[in-house]
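S.K.: This structure is in structure tokens; I'll ask about it shortly.
The values are calculated or read from the model by the stated rules, or taken from the named source; none is laboratory data. No experiment lies behind these values; they were computed from the predicted model shown. Virtual Cβ from ideal backbone geometry, glycine too; neighbours counted across all protein chains shown. To get the accessible areas, we keep the full protein, side chains included, count just its heavy atoms, and leave off ligands, DNA and RNA. Shrake-Rupley method; radii C 1.70, N 1.55, O 1.52, S 1.80 Å.
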Amino acid sequence: MRLPWRSTAVSEPAPSTLLVPRDTDDRLDRLCDIIVSQGLCDARSMERGRRIAEETGQRIDAVLIQLGLVTERGLASSYAELLDIPLTSPARFPAEPLFADRLTSRFLRHARALPLALEGDRLVVAVADPLNRFTPAAIAAAIGCKVAIEIAVPIELEAAFERLYPDAAEENAEGDADAEASEEDAERLKDLASEAPVIRLVSQIISRAVETQASDIHLEPFEDRLRVRYRHDGVLHEVDSQPARLIPAIISRVKIMSKLDIAERRLPQDGRIKLPVRGQDIDFRVSTIPSLHGETVVLRILDRGTVALDYDALGLAPAVVQRLNRALHLPNGIVLVTGPTGSGKTTTLYTGIIQINSIMRKIVTVEDPIEYQIPGITQTQVKPQIGLTFAHVLRSILRQDPNVVMIGEIRDLETAQIAVNGALTGRLVLSTLHTNSAASSITRLRDMGLEDYLITAVLRGVLAQRLVRRLCPECRVPVAAAPELVRRFDLERRCDGGPMTLWRPVGCSHCRETGYRGRQAIAEFLLPDERIERLIFSRADQSDIEQAAVEAGMVTMFEAGVAAALSGTTTLEEVVRTLRGEA
């Protein structure tokens with residue numbers, strides 16, 4: 001019976017990406033010792049190959065060939081000594097293809113195997129990779145007899161294929177040919193990404209970003225170059241440019257490191273990398289999207305050592321911290337932190353959780369993804385691709401009777417309803433929303449479909465925040481406030497009749513010549529009271545709710561930003577840029 005192509009080769013991985021069992025790892029270690037002892041490769045080069053194999057997840061023998069540290073014949077002879085298997089010669093190759101009705105040429109080429117002779121009750125097969133157990137087993141299943149292997153030099157094996165199967169390409173259907181081309185293209189990309197200069201270059205890009213405390217790395221391909229940008233303090237800066245010929249290699253290297261499918265360049269992908277940089281483990285969130293000239297890659301740096309989970313370090317005003325802490329120590333209800341992407345919402349929530357974490361509380365988080373690990377807290381990451389959504393996880397979590405539940409983000413009505421149900425049954429629920437102000441979070445929940453009476457029953461407080469850049473304390477200089485600024489921002493009521501002093505950035509070596517170093521939060525905290533509840537029931541808009549909150553003592557984000565500018569920690573221009581989205 002003819003063995004279909006898909007049943008024999010679809011699960012056959014390429015040698016460089018083969019997942020091998022532990023005993024194969026032991027054989028590879030012995031193989032390396034043989035190669036060094038035979039003088040085919042020196043110990044220093046072998047150590048280099050081991051490092052690259054560990055970084056890329058490839059087998060060491062494949063890496064040695066790719067880097068040119070050992071010849072194909074030298075590797076084949078080392079296989080022969082390791083396994084005590086004969087090294088075949090071209091004279092052993094048959095004059096005609098064997099079992100052509102059961103073994104397709106495409107399968108044999110892909111497996112790098114060639115039947116040599118039927119000797120008694122066994123078929124002798126020449127293979128280029130004798131550590132691959134799949135190929136002999138697949139051939140034995142197709143032929144129905146035992147298989148013995150001999151080791152072939154790949155270039156001699158390829159010559160035999162060209163002689164025995166000259167028209168093999170025409171036998172494949174168009175779809176199969178495309179799939180083979182895709183596999184070959186993936187192997188080519190792996191080879192490019194495994195070259196030592198590319199590995200060093202990507203490592204330098206990542207290391208420099210971590211050392212300069214960047215929050216993101218952006219790799220953006222264009223027609224003539226690859227642009228590399230870092231985000232410092234919320235602002236992107238171009239730091240490097242690489243030639244267009246290196247785009248596939250650099251992008252593929254990052255995708256290999258984050259365990260993404262390098263052959264898939266049509267769809268967005270997400271992954272993670274954990275790397276030691278200067279002796280400290282750093283996590284990276286990796287996102288790829290297709291673009292006109294290749295894939296755009298963004299690496300978000302999650303350096304736990306640079307994030308201070310402390311209210312003072314965040315720069316929150318004492319009055320805001322007091323209100324937030326009071327809400328976090330309530331036994332039930334919902335507390336929200338709102339703001340756009342990158343405004344520090346999750347960091348603020350983590351800080352609050354640390355403040356209330358104790359042996360007497362069971363705290364569970366549902367996140368996408370888990371950004372920082374907190375000891376003593378149960379953290380769960382959602383996986384929508386397998387149906388593990390926020391709503392699905394929350395239903396199960398509530399059955400475990402937690403005291404506090406943190407939801408990474410309320411995105412839809414189903415999640416909001418489950419959060420409300422948890423709050424009504426005695427849990428404190430913390431979450432984030434993407435809204436522009438504290439008051440607009442109420443209208444956002446209403447727009448999702450949440451009933452007004454449920455909002456008033458469970459809402460305990462809303463913190464809205466932004467991150468503004470801090471002035472560099474080493475180079476900032478005081479300036480007298482211009483009269484038009486005083487009038488525009490109503491600063492007269494703050495100066496007690498004296499001269500108004502502001503500060504401006506200059507730039508020095510401490511702040512990369514930007515004038516700013518680090519960021520701080522400016523925030524407002526809406527505390528629902530009876531008046532606000534009545535406004536919610538009457539379906540008032542967000543401006544009415546905000547006005548009522550201000551009259552009840554809420555300091556708006558803009559007022560908090562002006563106060564920070566007058567204290568010399570930031571500038572009015574930075575506050576306006578952040579709150580209004582101006583460039």
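S.K.: If I filter the range 144-158 down to residues being modelled with pLDDT of 85 or more and hydrophobic (A, V, I, L, M, F, W, C), which single residue comes out as nearest to residue 110 (Cα to Cα)?
M.R.: Going through the qualifying residues, I end up with 157.
S.K.: I've got another one for you. Output the number of residues of the range 484-505 satisfying the condition of being farther than 14 Å from residue 574 by Cβ, open to solvent by 80 Å² or more (accessible area, probe 1.4 Å) and either modelled with pLDDT of 90 or more or not in a loop (DSSP other than H, G, I, E, B) (or both).
M.R.: 5
S.K.: For the range 420-433, check the following and say yes or no: at least one residue is open to solvent by 30 Å² or more (accessible area, probe 1.4 Å), closer than 22 Å to residue 328 by Cα and at pLDDT below 90.
M.R.: Here is the first cut: in the range 420-433, the residues open to solvent by 30 Å² or more (accessible area, probe 1.4 Å) are 421, 424-426.
Still in the list and also closer than 22 Å to residue 328 by Cα: 421, 424-426.
If we keep only those that are at pLDDT below 90 too, we end up with none.
The answer is no; no qualifying residue exists.
S.K.: When the range 96-153 is examined, which residues are found to be part of a loop (DSSP other than H, G, I, E, B), over 21 Å from residue 62 (Cα atoms) and either touching a Gly at 6+ places or on another chain (Cβ under 6 Å) or among the basic types (Lys, Arg) (or both)?
M.R.: Hit for the range 96-153 is 102, nothing else.
S.K.: On to the next question. When you go through 321, 298, 366, 393 one by one, which is the residue that is touching a Phe, Trp or Tyr at 6+ places or on another chain (Cβ under 8 Å) and farther than 30 Å from residue 550 by Cα? Explain how you work it out, then say what you get.
M.R.: Values: 321 fails: farther than 30 Å from residue 550 by Cα; 298 fails: touching a Phe, Trp or Tyr at 6+ places or on another chain (Cβ under 8 Å); 393 fails: touching a Phe, Trp or Tyr at 6+ places or on another chain (Cβ under 8 Å).
On inspection, the qualifying residue turns out to be 366.
S.K.: Here is a further query. Taking only the range 284-310 into account, find how many residues are at pLDDT 85 or above and open to solvent by less than 60 Å² (accessible area, probe 1.4 Å).
M.R.: Looking only at that region, the number is 13.
S.K.: Now for a separate question. Determine whether the range 322-344 contains at least one residue that is surrounded by fewer than 19 Cβ atoms within 10 Å (Cβ to Cβ), polar (S, T, N, Q) and modelled with pLDDT under 90.
M.R.: yes
S.K.: Another question, if that's okay. Output the number of residues of the range 433-461 satisfying the condition of being among the polar types (S, T, N, Q) and in a helix (DSSP H, G or I). First the steps, then the outcome.
M.R.: The initial filter retains those residues of the range 433-461 that are among the polar types (S, T, N, Q), namely 435-437, 440-441, 443, 456.
In the following step, the residues that additionally are in a helix (DSSP H, G or I) were identified as 440-441, 443, 456.
Qualifying residue count for the region: 4.
S.K.: Given the residues 303, 312, which is the only one that is among the charged types (D, E, K, R) and without any contact (Cβ under 8 Å) to a residue 40 or more places away in the chain?
M.R.: Exactly one of 303, 312 is among the charged types (D, E, K, R) and without any contact (Cβ under 8 Å) to a residue 40 or more places away in the chain, namely 312.
S.K.: If we keep just the residues of the range 488-538 that are free of Cβ contacts under 8 Å to residues at least 12 places away in the same chain and among the hydroxyl-bearing types (Ser, Thr, Tyr), which is nearest to residue 340 (Cα to Cα)?
M.R.: Checked the range 488-538; the qualifying residue nearest to residue 340 (Cα to Cα) is 538.
S.K.: A further question on this structure: Just to check your reading of the model, which residue among 87, 82 is surrounded by 18 or more Cβ atoms within 10 Å (Cβ to Cβ) and closer than 19 Å to residue 132 by Cα?
M.R.: That would be 82, the only listed residue that is surrounded by 18 or more Cβ atoms within 10 Å (Cβ to Cβ) and closer than 19 Å to residue 132 by Cα.
S.K.: Quick one: in the range 447-483, of everything that is charged (D, E, K, R) and out of contact with any helix residue (DSSP H, G or I) (no Cβ under 7 Å at 6 or more places or on another chain), which residue is surrounded by the fewest Cβ atoms within 10 Å (Cβ to Cβ)?
M.R.: First, the residues of the range 447-483 that are charged (D, E, K, R): 447, 451-452, 460, 466, 469-470, 474, 476.
From the residues that got through so far, the ones that are out of contact with any helix residue (DSSP H, G or I) (no Cβ under 7 Å at 6 or more places or on another chain) too are 447, 451, 470, 476.
On the way: 447: 10, 451: 12, 470: 21, 476: 22.
Ranking the candidates gives 447 first.
S.K.: Only one residue in 266, 253 is open to solvent by less than 10 Å² (accessible area, probe 1.4 Å) and either under 15 Å from residue 295 (Cα atoms) or in contact (Cβ under 8 Å) with a residue 12 or more places away in the chain (or both), so which one is that?
M.R.: 253
S.K.: Something else: Looking at the range 99-113, which of its residues are open to solvent by less than 50 Å² (accessible area, probe 1.4 Å) and closer than 15 Å to residue 127 by Cβ? Write out each step before concluding.
M.R.: Step one: filter the range 99-113 for residues open to solvent by less than 50 Å² (accessible area, probe 1.4 Å), giving 103-108, 111, 113.
Within the range 99-113, 103, 107, 108, 111, 113 qualify.
S.K.: Read through the list (1) at pLDDT 90 or above; (2) open to solvent by less than 80 Å² (accessible area, probe 1.4 Å), then give the number of the only condition that residue 537 fails.
M.R.: All conditions are met except number (2).
S.K.: Take the range 24-64 and flag every residue that is assigned to a helix (DSSP H, G or I), farther than 20 Å from residue 133 by Cβ, open to solvent by 60 Å² or more (accessible area, probe 1.4 Å) and without any contact (Cβ under 8 Å) to a residue 40 or more places away in the chain.
M.R.: 33, 37, 43, 44, 47, 50, 51, 54
S.K.: What pairs can you find where one residue is in the range 65-94 and in contact (Cβ under 8 Å) with a residue 12 or more places away in the chain and farther than 13 Å from residue 41 by Cβ, the other is among the basic types (Lys, Arg) and surrounded by 15 or more Cβ atoms within 10 Å (Cβ to Cβ), and their Cβ atoms are less than 8 Å apart, with a gap of 6+ or different chains?
M.R.: The qualifying pairs are 82/27; 83/27.
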